[in-house]
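Undergrad: Sharing a structure, written as structure tokens. Questions coming.
Just so it is clear, none of the values below were taken in a lab; they were calculated from the coordinates. This one's a predicted model, so the numbers in the text were calculated from it and none came from an experiment. As a convention, Cβ positions derive from the backbone with ideal geometry for all residues, glycine included, and neighbour counts pool all protein chains shown.
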Amino acid sequence: MTDRYAVIGNPVAHSKSPVIHAAFARATHQDMEYGRIEAPRDAFAATVARFAAEGGRGMNVTVPFKLEAFALAKSKSARALAAGAVNTLKRDGDGWYGDNTDGAGVLRDIEANHGVALAGRDVLVLGAGGAARGMLLPLAAARPRTLAIANRTASRADALARDMAPHAKVEAIPLAALGARRFDVIINATSAGLTGDVALPWPATIFAPGAFAYDIVYADTPTLFLRFAKDAGVTRCADGLGMLIEQAAEGFALWRGVRPDTAPVFALLRPPRA
Ligand code: ATR
């Protein structure tokens, strides 16, 4: 019988996950189908239960349900526990196993696809929300010299660094102190710029010579943060399309036991610009 998977979110119409997973399934000859489910905001658990009753084997969970997916999962991976959020569900007996593949996706995109090794480098994550939280443990595992976070609301960065302390050394830097620091890899994990151009609160001096700037957001044209980096003289940068594809591959491997090649899917979703 064909195994069923789906992405669940609200809204979910724009999600590229069905295209990505269909391409993975074709390439790895898996007998599966992958759909898209928009759950009412107050009915996440009921919608997931219905999908399970219909034979659903796994789900990708997107905004705004990652915390509810965490609460719903009966067992969880260490990285899901550290992130406090679940973006991938796998059917396990009569319950769900929860994982979080977002952080591994960022790390793999930066290191394997863009060739930027984090070991021994000074890494700064901008933001202290769920997206920042989810990537800190995988980033720490890559052994950077410094792993720092900076957030508009300093207290959230302090709290996140404290939460991470048992797992990883994360330095919370107040915005006012950022001007004195330079970083080799700067990752934007904020939602600044998602709803149009705003003034970004970080000094343009955070980028060390030869720095790599990464935005977890992706778009067909350069994002606000990547334009900010370019104006500051940064020449190496990438948006989060690769992260999206890599986190999907990580989930696919969890479900199917086979890791798909991501490069063809990247080319499919972003043909080389003329
Ligand atoms: P997510 O789960 O996507 O991380 P979130 O928890 O709402 O979403 O976090 C959004 C992040 O973007 C926060 O770090 C937020 O900063 P605050 O904690 O100060 O709110 C950051 N953010 C949003 N808009 C921003 C802006 N205009 N400038 C700087 N940071 C911004």
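Undergrad: In the chain, with Lys and Arg counted as +1 and Asp and Glu as -1 at Cβ, which of these residues, 147, 232, 73, has the Cα nearest the positive end of the dipole, that is, farthest along it?
TA: With unit charges placed on the Cβ atoms, the residue in question is 147.
Undergrad: Continuing with the same structure: How many Å³ per residue does the convex hull of the Cα positions in the range 48-174 occupy?
TA: Measuring per residue, one finds 109 Å³ for the Cα hull of the range 48-174.
Undergrad: What 222 nm value per residue comes from the helices of the chain, counting each DSSP H run with n ≥ 4 as -39,500 (n - 2.57) and dividing by all residues, nearest 500 deg cm²/dmol?
TA: On the way: 10 runs with 96 residues, N = 274.
That comes out to -10000 deg cm²/dmol.
Undergrad: Under the Karplus relation 6.51 cos²θ - 1.76 cosθ + 1.60, θ = phi - 60°, what is the ordered set of whole-Hz ³J(HN,Hα) values for the range 106-118, x standing for Gly and Pro?
TA: 4, 4, 5, 5, 5, 7, 7, 7, 9, x, 10, 7, 8
Undergrad: Among the listed pairs 90/230; 16/74; 76/169, which are separated by more than 32 Å between their Cα atoms? Intermediate values should be presented prior to the final figure.
TA: Values: 90/230 40 Å; 16/74 27 Å; 76/169 22 Å.
Too far apart for the 32 Å limit: 90/230.
Undergrad: If you don't mind, there's one more thing I want to ask. Starting from the range 40-137, pick out the trypsin sites (Lys or Arg not before Pro) whose DSSP state is loop and whose Cβ has at most 15 other Cβ atoms within 10 Å.
TA: On the way: sites: 41, 50, 57, 66, 74, 76, 79, 90, 91, 108, 121, 133; in loops: 41, 74, 121.
The qualifying sites are 41, 74.
Undergrad: Next question, about the same structure. Compute the helix-to-body angle for 241-256: its Cα long axis versus the longest principal axis of the chain, expressed 0 to 90° and rounded to tens.
TA: Approximately 40 degrees, to the nearest 10.
Undergrad: OK, next. Rounded to the nearest 10 degrees, what's the angle between the helix 17-28 long axis and the longest principal axis of the chain, both from Cα atoms, 0 to 90?
TA: 70
Undergrad: In debye, nearest 20, what is the charge dipole magnitude of the chain about its Cα centre with +1 on Lys and Arg Cβ and -1 on Asp and Glu Cβ, if you could check?
TA: I would put it at about 340 debye.
Undergrad: Taking a quarter of the surface of the convex hull around the Cα atoms of the chain, what do you get in nm²?
TA: On the way: hull surface 58.3 nm².
Computed as one quarter of the Cα hull surface, the answer is 14.6 nm².
Undergrad: So for the chain: antiparallel DSSP bridges make up what percent, rounded to the nearest 5?
TA: Values: 8 of 41 bridges.
Looking only at bridges with both residues in the chain, the antiparallel portion is about 20 percent.
Undergrad: Enumerate the amide H contacts of residue 36 below 5 Å, restricted to partners 5 or more residues apart or on another chain; note that Pro and chain-start residues carry no placed amide H.
TA: Those qualifying (amide H under 5 Å, at least 5 residues apart or on another chain) are 7.
Undergrad: How many nm separate the modelled label positions at residue 33 and residue 163, each set 7 Å beyond the Cα in the direction of the Cβ?
TA: Going by the 7 Å Cα→Cβ label model, 3.8 nm.
Undergrad: Where in the range 53-148 are there GluC sites (Glu not before Pro) that are in a DSSP coil and have at most 16 other Cβ atoms within 10 angstrom of their Cβ? Let's see the in-between values first.
TA: Values: sites: 54, 68, 111; in loops: 54.
Sparse-neighbourhood loop GluC sites (Glu not before Pro): 54.
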